[in-house]
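Visitor: Structure in structure tokens, see below.
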Amino acid sequence: MSDEAIQARYSLIEFIQCNLRLLAGLYVTWRYPDFLKGRGVADPQELFGCRKFCDVPHLIEQVTLKK
């Protein structure tokens, strides 16, 4: 495989992982809000501000940009 193919595959994996974290986060905030409060997350927006979700707001920003 060439370097370009490896980079393209890596970018695709990052995109999929970010989308999965976004969907999982939205589902947990909708379906189990008490679980988050028990874990110290009072506001669902705090969930997307944590280190594991740092790339999710960037993804949302990129997807919603008007071109």
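The values are calculated or read from the model by the stated rules, or taken from the named source; none is laboratory data. All of these numbers come straight from a predicted model, not from anything done at the bench. Cβ coordinates were reconstructed from backbone atoms using ideal geometry, including for glycine residues, and neighbour counts include every protein chain displayed.
Visitor: Between a residue in the range 28-40 that is closer than 15 Å to CYS50 by Cα and at pLDDT below 85 and any residue that is part of a helix (DSSP H, G or I) and not small (Gly, Ala, Ser), which pairs come within a Cβ distance under 8 Å, given they are 6 or more apart or on different chains?
Guide: Every condition considered, the pairs that remain are LEU36/VAL28; LEU36/THR29; LEU36/PRO44; LEU36/LEU47.
Visitor: Then there is this: For the range 11-27, give me each residue that is closer than 15 Å to ASP55 by Cα and of a type in the set (Phe, Trp, Tyr).
Guide: PHE15
Visitor: Where in the chain are there helices (runs of 4 or more DSSP H), lying fully within it, with 3 or more residues that are exposed (fewer than 11 other Cβ atoms within 10 Å of the Cβ)?
Guide: Filter on the chain gives 3-31, 56-64.
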